[in-house]
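Below you'll find the structure, written out as C-alpha cells, and then a few comments.
The values are calculated or read from the model by the stated rules, or taken from the named source; none is laboratory data. On a predicted model such as this, the values are computed, not experimentally measured, just so you know. When we count neighbours, we look across all protein chains shown, and the Cβ atoms used for this are built from the backbone with ideal geometry, even at glycine.
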Amino acid sequence: MNNPSHPLPTEAHLAQRERWPQSGRHILAHHDAQSVVVYQAYRPAIGEYAVRHGRLDGPDFSLSRMSWIKPNFLWMMYRSGWGTKEGQEVTLGLRLRRAFFEQVVREAVPSTFDEERYPSREDWQAAVGPSEVRLQWDPDHAPAGNKLERRAIQLGLRGRRLAAFAREELLEVIDMRAFVDAQRPMAQNDNPELQLPVEHPLELET
C-alpha cells in the first residue's frame, strides 16, 4: 500500500517477515533499478535542513567525520528508539543512486579484522586506514528490539564518498517522522497492524 505521509510503498511487517531471510548476511532495502533508499536519524537542525533543501550539507552536518547509513528500516528504528532518542528525532529516507550505493558496498572495508577477506591483520590495517567506506554486519532486530539471527549491513562514509552522499548522489530526501510516529505504538513483533517500507534482499549487480 502507499502511505500518504511519505512516498514509499509499505506492507505489513508480518507479511514481509515471512519472505525475508531468517539468517545470514543480507542487504534488506527498498530499491529499484535506479535507486536504493537508506535511512538516517538526525537532530532537528540537520534533518529539517535536509527536508527543506533536498541535500544534507547544511551548516550543522559535518563532512569531516564518518556518517553511518542503514538500508534496513528496522535496524534504524532499533538504533533510534523509533525516533525517540535525543539527537535522532528526525528519521529520513535518503534515496541514493543505485550505482553509487553498489560502488560504496564494493569499496567497503570491514571495521574489524575479517580473516576471510584478509590474509593477515596487517593487510587489513593497510586497507582500513585510507578507506572512505567502512562496513559492519550487525545483528538485525525485530520491531520490539530483540536480536535476530539475520545480519544487517551498516556503511560508514567519510571524505569524498560522504560529500557525494550528501549532495550529488542524493536523489530524494523523504521525511519519515509522521510515519515513524504512527507506527511506533504498534512496534511489537507480532502486531498485524505494523506497516514498514517494502524491503527485499538486494543483490549486487555484477
Exercise. Hey, among 78, 118, which residue is out of contact with any Ser or Thr (no Cβ under 6 Å at 6 or more places or on another chain), among the hydroxyl-bearing types (Ser, Thr, Tyr) and farther than 19 Å from residue 145 by Cα?
Worked result: 118
For this session: Return yes or no: is residue 65 among the basic types (Lys, Arg), touching a Phe, Trp or Tyr at 6+ places or on another chain (Cβ under 8 Å), surrounded by fewer than 17 Cβ atoms within 10 Å (Cβ to Cβ) and touching a residue at least 60 places away in the same chain (Cβ under 8 Å)?
Result: no
For this session: Would you check if there is a residue in segment 9-21 being farther than 22 Å from residue 171 by Cα, of a type in the set (Phe, Trp, Tyr) and either loosely packed, with under 12 Cβ neighbours inside 10 Å or in contact (Cβ under 8 Å) with a residue 40 or more places away in the chain (or both)?
Result: yes
Seminar exercise, completed: Going through segment 125-152 in order, the residues found to be in a helix (DSSP H, G or I) and of a type in the set (A, V, I, L, M) are 126, 127, 128
Exercise. Of everything in segment 100-133 that's out of contact with any helix residue (DSSP H, G or I) (no Cβ under 9 Å at 6 or more places or on another chain), of a type in the set (Asp, Glu) and within 20 Å of residue 203 (Cβ to Cβ), which residue is modelled with the lowest pLDDT?
Worked result: 116
For this session: Pull up segment 153-175, narrow it to residues that are in a strand (DSSP E or B) and of a type in the set (D, E, K, R), then point me to the one that is surrounded by the most Cβ atoms within 10 Å (Cβ to Cβ).
Result: 175
For this session: State which residue pairs qualify: first residue on the phi > 0 side of the Ramachandran plot and of a type in the set (Phe, Trp, Tyr) and inside segment 78-103, second residue at pLDDT 95 or above and surrounded by fewer than 17 Cβ atoms within 10 Å (Cβ to Cβ) in any location, beta carbons under 7 Å apart, and separation of 6 or more residues or different chains.
Result: 82/184
For this session: Give the number of residues within segment 67-84 that are within 14 Å of the chain's Cα centre (by Cα) and either among the β-branched types (Val, Ile, Thr) or closer than 14 Å to residue 159 by Cα (or both).
Result: 3
